[in-house]
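Each remark here refers to the structure printed beneath this line.
The values are calculated or read from the model by the stated rules, or taken from the named source; none is laboratory data. Note that the structure is a prediction, hence the values are computed from the model and not measured. Note that each Cβ is placed from the backbone with ideal geometry, even for glycine, and that neighbours are counted across all protein chains shown.
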Amino acid sequence: MSERKVLTKYYPPDFDPSKITRQRGPKNAGPKLQTVRLMAPFSMKCTHCGEFIYKGRKFNARKETTDEKYYAIAIFRFYIRCTRCSGEITFKTDPKNMDYECERGAKRNFEPWREAKLAEETEEERLDRLEKEEAERDAMKELETKVIDAKTEMAIADALDEIRSRNARIAKAEQDGTSASVAPPPDNADARRQKQEEEDAEAARKAFANREMPDLGEEDIDEDMMDEPIEVTAAPVFSKKPKEKKDFSAALGIKKKAPAPAVSAPAKAAPAPSKLSTMLVAGYDSDDD
């Protein structure tokens, strides 16, 4: 690895540069080819093996300058190999559409200029497309019309059968010499109910129109009554009564002893006078005398 990085090469002692002759190979008469590194400009599918090549995949391609030009812009052709089957794929530049054009070996998945060509339709094509869309849009309307027509035809056929059967019954009764009663027309319950509701609404409207509101009258207030002061009675005063506490001891099974009657304490006897006090009292009495 280090040999390729040296600046000088080794020349043997017997090296003779005059023995080295220049050899010229045959000139390439074909188009000039150049090996370049590129990425796939579009997603494509290989026609040989069906491999999908996504846009941006890197390849070592051969670049060829063709003789074709578009307004003095050279067109280049590139050769790559499929990553699975090594089949050759060729595509070239398309300066007209500012894109690339796949030539052979693969099929492009999406070509934007084709969509642009489809968008550029003529007046006749646009009219044809509008007529086709109008016909598709009216398909459901036509189906609904057919259903309504079928229902109408069925109703008409039923009515005709009923008329024919009634005429046949009348004709048979005339032949027998008896009078045949014609069946009354079918009763329409919806119309009868609607008529009854209208009659009820009309009757209610008339009843409310004829009703008179009672005259409550107005109270006449004299000016003297307005000048008189209004007596204001004092608001009643309510006294709060304490709530008696209930004794729940009986409910809990607790028995209380009855309180003992109060016994008055006996009066204490006065102490007997001592001898000293008797003598003093006697002496005090004798002095006074």
Test for Glu218: is it among the acidic types (Asp, Glu) and at pLDDT 80 or above: no
Of everything in segment 166-190, what is at pLDDT 80 or above and among the small types (Gly, Ala, Ser)? Give them in sequence order. Ala168, Ala171, Ala173
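Restricting to segment 38-69, and then to whatever is hydrophobic (A, V, I, L, M, F, W, C) and within 20 Å of Met98 (Cα to Cα), can you tell me which residue is surrounded by the fewest Cβ atoms within 10 Å (Cβ to Cβ)?
So in segment 38-69, the residues hydrophobic (A, V, I, L, M, F, W, C) come out as 38-40, 42, 44, 46, 49, 52-53, 59, 61.
Adding the requirement that they be within 20 Å of Met98 (Cα to Cα) leaves 38-40, 42, 44.
Working: Leu38: 13, Met39: 10, Ala40: 20, Phe42: 19, Met44: 25.
The extreme case among them is Met39.
Restricting attention to strands (runs of 3 or more DSSP E) lying wholly within segment 87-161, give those where 1 or more residues are in contact with a helix residue (DSSP H, G or I) (Cβ under 6 Å, 6 or more places away or on another chain), surrounded by 10 or more Cβ atoms within 10 Å (Cβ to Cβ) and at pLDDT 90 or above.
On the way: elements: 88-94, 99-104, 106-108.
Here the list is empty.
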Within segment 8-37, considering residues that are surrounded by fewer than 10 Cβ atoms within 10 Å (Cβ to Cβ) and of a type in the set (Val, Ile, Thr), the one nearest to Glu101 (Cα to Cα): Thr35
